[in-house]
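Following: one structure in structure tokens, then a few remarks.
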Amino acid sequence: MRVFLTFIALFFTTPVMAEHHEAAPVTIVIHGGAGALAPGRYSPEQEAVFRDKLSEALNAGYEILDNGGAALDAVEAAIVLMEDAPMFNAGKGAVFTREGKNELDSSIMDGATLNAGAVAGVTRVKNPIKLARAVMEKSEHVMFARDGAEKFAKENGLEMVKPGYFKTPERWARYKKALKAEKEKEKDASLSHDFKYGTVGAVALDANGNLAAGTSTGGMMMKKYGRVGDTPIIGAGTFADNKSCAVSSTGWGEYFIRLTIARDICAQVEYQGKSVEEAANDVIHHRLQDMGADGGVIVLGPDGSYAMTFNSKGMFRGVKNADTEQVAIYGEGEEE
Ligand code: ASP
């Protein structure tokens with residue numbers, strides 16, 4: 001009896017451990033493409049336009065996180081803003097294929113469930129990142145391409161536009177110049193890494209500790225018919241797993257696919273216990289560099305640690321958390 005009473009007493013006096021989770025340090029990191037961005041590449045006015053748009057995208061995503069919203073929503077909101085902005089190579093303002101078309105690729109991934117959605121070669125969907133998300137949430141598949149992707153977009157009520165919507169005079173002029181240069185040199189300039197990239201991407205960590213990543217692009221200028229880059233390839237252009245990290249890539253897609261850049265970074269974090277910065281450095285400054293290719297990544301860990309790593313001259317980028325808000329274009333030490 002005494003034992004029983006002791007048990008009862010213990011039962012009622014032992015405090016029930018409340019399920020208590022510290023809120024994760026909400027963070028968003030974005031990029032607007034990597035490339036030949038040395039100081040002096042843009043006028044101060046042009047730089048201001050880029051910086052303002054990066055800040056706008058950063059804050060749109062951060063506000064969602066700060067109000068307790070989901071990482072996926074923050075990633076989508078930041079990317080939609082950059083897709084709609086003509087200065088980035090995604091959505092409006094996308095680069096042209098050799099045939100003078102805009103063919104858009106995009107993907108998104110949920111680090112909590114490993115669900116993912118991707119689209120390749122779409123020409124009439126205003127916001128490819130929204131379509132990638134619809135693929136993730138409303139289909140049993142991971143990736144749709146071209147006509148099928150557009151059929152799915154229409155069936156799911158996404159905003160459709162005429163292909164001409166994506167065309168801007170600046171991009172068209174660059175395309176014409178590239179065509180001319182190609183003719184003069186009589187060589188195939190299709191995947192010259194001299195072309196400036198301008199893909200957009202975002203990674204976010206919400207208060208519940210969930211990570212998400214997304215990327216959207218017009219691809220590489222002068223790409224051939226039907227060429228698909230790394231952006232819609234899960235594990236190359238985009239990857240997110242709450243157990244390791246979230247990554248969005250930008251750069252010479254053919255190499256990012258071969259090296260499965262995004263997944264490699266997260267695998268190094270997960271299996272080798274590296275910090276996101278160490279893993280990003282290894283992949284960008286060694287593996288990618290050794291193959292003679294260039295580009296960059298943004299990486300975010302479940303603890304809020306992040307990296308913005310590139311081996312090109314510059315990368316449009318930004319980060320915001322409770323302690324910091326910054327946007328940058330050029331390499332470290334080169335900011336004016
Ligand atoms: N990675 C993209 C592609 O190869 C291009 C870019 O990031 O600018 O399609």
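Scanning segment 69-121 for residues that are without any contact (Cβ under 8 Å) to a residue 40 or more places away in the chain, open to solvent by 20 Å² or more (accessible area, probe 1.4 Å) and of a type outside the set (A, V, I, L, M, F, W, C) yields a total of 3. Restricting 330, 271, 306 to residues that are away from the ligand (no atom under 16 Å from the Cβ), at negative phi and touching a Gly at 6+ places or on another chain (Cβ under 7 Å) narrows the list to 330. Filtering segment 218-251 to residues that are more than 8 Å from the ligand (Cβ to nearest atom), assigned to a strand (DSSP E or B) and open to solvent by less than 10 Å² (accessible area, probe 1.4 Å) leaves 238, 240, 246, 247, 248.
In segment 166-177, which residues are under 16 Å from residue 89 (Cα atoms) and either open to solvent by 90 Å² or more (accessible area, probe 1.4 Å) or hydrophobic (A, V, I, L, M, F, W, C) (or both)?
166, 167, 169, 170, 172, 173, 174 - these are the residues of segment 166-177 that are under 16 Å from residue 89 (Cα atoms) and either open to solvent by 90 Å² or more (accessible area, probe 1.4 Å) or hydrophobic (A, V, I, L, M, F, W, C) (or both).
For segment 205-217, a residue qualifies if it is more than 12 Å from the ligand (Cβ to nearest atom), open to solvent by less than 30 Å² (accessible area, probe 1.4 Å) and either more than 16 Å from residue 30 (Cβ to Cβ) or β-branched (Val, Ile, Thr) (or both), and exactly one does: 209. Residues in segment 210-250 that are in contact (Cβ under 8 Å) with a residue 60 or more places away in the chain and hydroxyl-bearing (Ser, Thr, Tyr) were compared, and the one that is nearest to residue 128 (Cα to Cα) is 216. Could you please let me know if residue 48 is surrounded by fewer than 16 Cβ atoms within 10 Å (Cβ to Cβ) and without any contact (Cβ under 8 Å) to a residue 40 or more places away in the chain? Yes, satisfied.
For residues in segment 145-158 being acidic (Asp, Glu) and exposed (fewer than 14 other Cβ atoms within 10 Å of the Cβ), which is farthest from residue 253 (Cα to Cα)? Working first, answer last.
The first filter runs over segment 145-158 and keeps only residues acidic (Asp, Glu), leaving 147, 150, 155.
Now narrow it down to the ones that are exposed (fewer than 14 other Cβ atoms within 10 Å of the Cβ): 147, 155.
Numbers: 147: 22, 155: 30 Å.
Across segment 145-158, the extreme among qualifying residues is 155.
Here residue 254 does not qualify as closer than 26 Å to residue 51 by Cβ and part of a helix (DSSP H, G or I). Within segment 252-275, the set of residues being surrounded by fewer than 20 Cβ atoms within 10 Å (Cβ to Cβ) and farther than 15 Å from residue 231 by Cα comprises 267, 270, 271, 272, 273, 274, 275. Within segment 210-265, the set of residues being more than 19 Å from residue 108 (Cβ to Cβ) and hydroxyl-bearing (Ser, Thr, Tyr) comprises 225, 255. From the list 307, 262, the one residue that fits, being under 28 Å from residue 42 (Cα atoms) and of a type in the set (A, V, I, L, M), is 307. Out of 142, 161, one residue alone is open to solvent by less than 80 Å² (accessible area, probe 1.4 Å) and over 20 Å from the mean Cα position of the chain (by Cα). It is 161.
Taken over segment 122-133, the criterion of being open to solvent by less than 30 Å² (accessible area, probe 1.4 Å) and over 17 Å from the mean Cα position of the chain (by Cα) is satisfied by 122, 125. Collect the residues in segment 79-117 that are of a type in the set (D, E, K, R) and over 13 Å from the mean Cα position of the chain (by Cα), keeping them in residue-number order. Within segment 79-117, 84, 92, 98, 99, 101, 103 meet the criteria.
Is it the case that segment 285-299 has a residue that's in a helix (DSSP H, G or I) and open to solvent by less than 10 Å² (accessible area, probe 1.4 Å)? For segment 285-299, residues in a helix (DSSP H, G or I) and open to solvent by less than 10 Å² (accessible area, probe 1.4 Å): present. Of the strands (runs of 3 or more DSSP E) lying entirely inside segment 85-172, those containing at least 1 residues that are among the charged types (D, E, K, R) span 104-110.
The values are calculated or read from the model by the stated rules, or taken from the named source; none is laboratory data. This is a predicted model, so every value here is computed, not measured. Don't worry about glycine lacking a Cβ; one is built from the backbone with ideal geometry, like all the others, and counts go over all protein chains shown. Note: areas computed on protein heavy atoms with side chains; ligands, DNA, RNA excluded. Shrake-Rupley method; radii C 1.70, N 1.55, O 1.52, S 1.80 Å.
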